[in-house]
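First comes the structure, then the notes that go with it.
The values are calculated or read from the model by the stated rules, or taken from the named source; none is laboratory data. Not measured: the values here are computed from a predicted model. Note: ideal-geometry Cβ built from the backbone for every residue, glycine included; neighbour counts use all protein chains shown. Note: accessible area is taken over every heavy atom of the protein model, side chains too, but ligands, DNA and RNA are not part of it. Shrake-Rupley method; radii C 1.70, N 1.55, O 1.52, S 1.80 Å.
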Amino acid sequence: MAVDTQSNGLTALRYDAPASLVVFLVAVPLSLGIAVASDAPLAAGLIAAVVGGVVAGLFGGSAVQVSGPAAGLSLVVADLVHTYGWRATCMITLLAGVVQLVLGVFRAARAALAVSPAVIHGMLAGVGVVIALSQLHVVLGGSPQTSAVDNLLELPAQIAGVHNHAAAVGLITIGVLLVWRWLPHRIRVIPAPLAALFLASAAAFAFGWNITRVELPDGLLQWAPPVLPSGDWHGIAAAVLLVALLAGVESLLCSVATDQQHDGPRTDLDKELRGQGLANVVSGLLGGLPIAGVIVRSTTNVRAGARTRWSTVLHGVWVLVFVLFFGWTIQLIPMEALAALLAFIGLQMINLGHVRKVHGHGEVPVYLVTLAGVVLLGLAEGVLFGLALAVLLALRRLTWVSVSVRQEPDGRRHVTISGSLTFLGVPRLTEELRAIPPGVPVDLDLDIDFMDNAAFEALHSWRLKHERSGGTVDIDELHDEWYALAAGGNHLFPAKTPSRAHERWWLPWAHRRRRGSAVPAQGGPAECELTVGAREFHRRTAPLVRPIFTELARKQQPTHLFITCADSRIVPTLITASGPGDLFVVRNIGNLVPRYGAQPHDDSVSAAIEYATQVLGVRTITVCGHSGCGAMAGLLSGGVKAGSLPGLRRWLRHGNHSLARFIHSESDGSDTGPLDRLCRVNVIQQLENLRTHRKVDEQVAAGRLELVGLYFDIPSARVHILSSSTLTATT
């Protein structure tokens, strides 16, 4: 335990202390600016920074998140201050903290992640627009209007008017903030907000400009207890919930975003919500602004090298020390400089990276509606409109249906319906289906995860009508059999189910459900598996591979001659992951290669070898054996297992050299018994038999042809490469 404590202390000293100083330098000017934007006392922003650092840092669930006054809450706080007064706003902050504590105790933090990020980003962007519009008037030497619309309408006249020293201070501040990122790194160690305020203050002092400076009360941390708001309790309760939810959601989303920037422990969201609640209780009690996790300070903390929560706590301590001993320096800052800083922060809240993200998920309308609602109507109204639109879009996606109709070369129509087939999709469904000419054969794929009764009635009615016109409709349900159940009289539709992978073409017929004609319109003989399989190929696979076969139709250019057993369990293209045109395949009983001139005479394998090597110009000949080979079992039994099969007994004579090789070899431990060892020996022997063919031997000797032995172990579904010099298999 002592070692761990010492290690943690060294980490705090080496990494967290320097990082806390950087965050402190960023937090002080931002806290002052947010207090101005919130129409709150300047000390309230500093109190919130101290409490957010110390209390939320100690009791929260994030290792590196920094909490404090948040610009996203400034509009709400300003409205509360205007409606209830500052001390009553402090009580609302305290009560909001209690609500957050209760939600954290009941582990409700995860529910906050269900809020669409487009709503959050749109809300922050809207708040940024409102802040920027109001503070630009102060920067230009004027006064902000009562609403964002009025500020926007008055802005052209304000820009065209006569500007005084206040405008110069604001422009210096914004100019420093804009160019600071391009300066050398050794200069950028000083945070841009701090440098901007310092240079603007220095310029105003040096030139003796007539500006408005920050005014502080006689006691910077003069405490007055919060009071209960007076008025409509419904409105007060709504205000408490609004502050609690907005601050909580912003903090939790900030925690998730911060976790993506470091490799340390992940955030305990419920603990973080409880920590935020406790911090808001303390901040409201001491007269501070509402507290939330702040992404700017958190990102700064991570980039500065913070490892543990002590960086956050120490930054709060440094703010407290500054207030107690250097608070008088705040009075040197021009109000116009703080306004310019706020305007710059407001514009930065319109993050183009967020816009790109929501655009990639089709949520730009939610973002824009939320932004416009916050700017034109108010924060609560904008968020509600954004949430409502997000819910509507989610419902639309859940009930989305895609209908595609493709004409096949033989005149058939291939119809694919995907998505959730509900009454909302019936108009589009019927429009597409009615466009299909009468009497045309139709292959209909239902790749749906739900079908309601209205959709079934529309689809079934069209099918009956199309079949009465002389056409055929072959329905294949790629997911659950919604149509088949309803057509069979079962109208108790099950719940919506998750999508399931389509059937794989390589599965044996016995392992696949043959849907073919799920509900045949009229009786008829059952189709054989090959016929159904061919139709399935025409429907699903042929459209995908047709371009490949169109190209291969001119000529074949395989690179491998693949000699393997006729065993039904061996699928060359499957075990080699090859496709059309890759393998020139020869299959026979036992994957045997008769030696040149051997008796009984057989030209089938020799003809394939000659054609592959001299016409097709293959570069590799592979002999592939397998475990449990029946031909090798017959060979090992001396022909007894061949029974009354004279043709098979004569063919197996070509395996006598394999049997002789087996007798003179010993097991190296890689086989599972005599039969398995003979199957492996046989592959090696057939490679040697290939060398008895003169053209093969010449090309191998010249390095133009390679001989490869493969062995497929059926129970484990593993392919082994066999060396011609040893039977040891390498996977």
For 233-242, 136-145, 249-258, ranked highest to lowest by mean beta-carbon neighbours within 10 Å, the order is 249-258, 136-145, 233-242
With a 1.4 Å probe and every protein chain kept in, tell me what percent of the accessible surface of the chain is carbon plus sulfur. 62 percent
In nm, what is the difference between 0.36 nm times the number of residues separating residue 111 and residue 230 and their Cα-Cα distance? 39.7 nm
At q = 0.12 Å⁻¹, what log₁₀ I(q)/I(0) does a Debye calculation on the Cα points of segment 143-296 give, no solvent, two decimals? -0.96
Just to be sure I follow: if Rg is taken over the C-alpha atoms of segment 281-414 and Rh is the Kirkwood radius over the same atoms, what is Rg/Rh? 1.21
In this structure, the FRET efficiency calculated for residue 434 and residue 723 from their beta-carbon separation, with R0 = 51 Å, to the nearest 0.05, is 0.20
Taking the C-alpha atoms of segment 531-584, convex hull volume expressed per residue in Å³: 110 Å³
5 Å binning of all Cα-Cα separations within segment 566-667, expressed as whole percents from 0 upward: 2, 11, 19, 22, 19, 15, 9, 3, 0
For the chain, take the longest principal axis of its alpha carbons; what is the angle in degrees between that and the long axis of helix 364-376, to the nearest 10 within 0 to 90? 10 degrees
Stokes-Einstein D (µm²/s) once Rh is taken as the Kirkwood radius of the chain over alpha-carbon pairs, at 25 °C in 0.890 mPa s: 75 µm²/s
For segment 35-113, just run the numbers: alpha carbon Rg, then divide by 2.2 N^0.38 Å, N being how many residues it has. 1.17
I want to make sure I understand the PRE zone here: with the label point 7 angstrom from the Cα of residue 257 toward its beta carbon, which residues in segment 322-364 have backbone N atoms less than 15 Å away? 345-359
Taking Cα atoms, the helix 335-348 axis meets the longest principal axis of the chain at an angle in degrees (rounded to 10) of 20 degrees
Sorted peptide list for 100-106, 124-130, criterion being average Cβ within 10 angstrom, highest first: 124-130, 100-106
For the chain, longest principal axis from Cα atoms; helix 542-552 axis from its Cα atoms; angle between them, nearest 10 degrees, is 60 degrees
Where the chain is the region considered: accessible area per residue in Å², 1.4 Å probe: 49 Å²
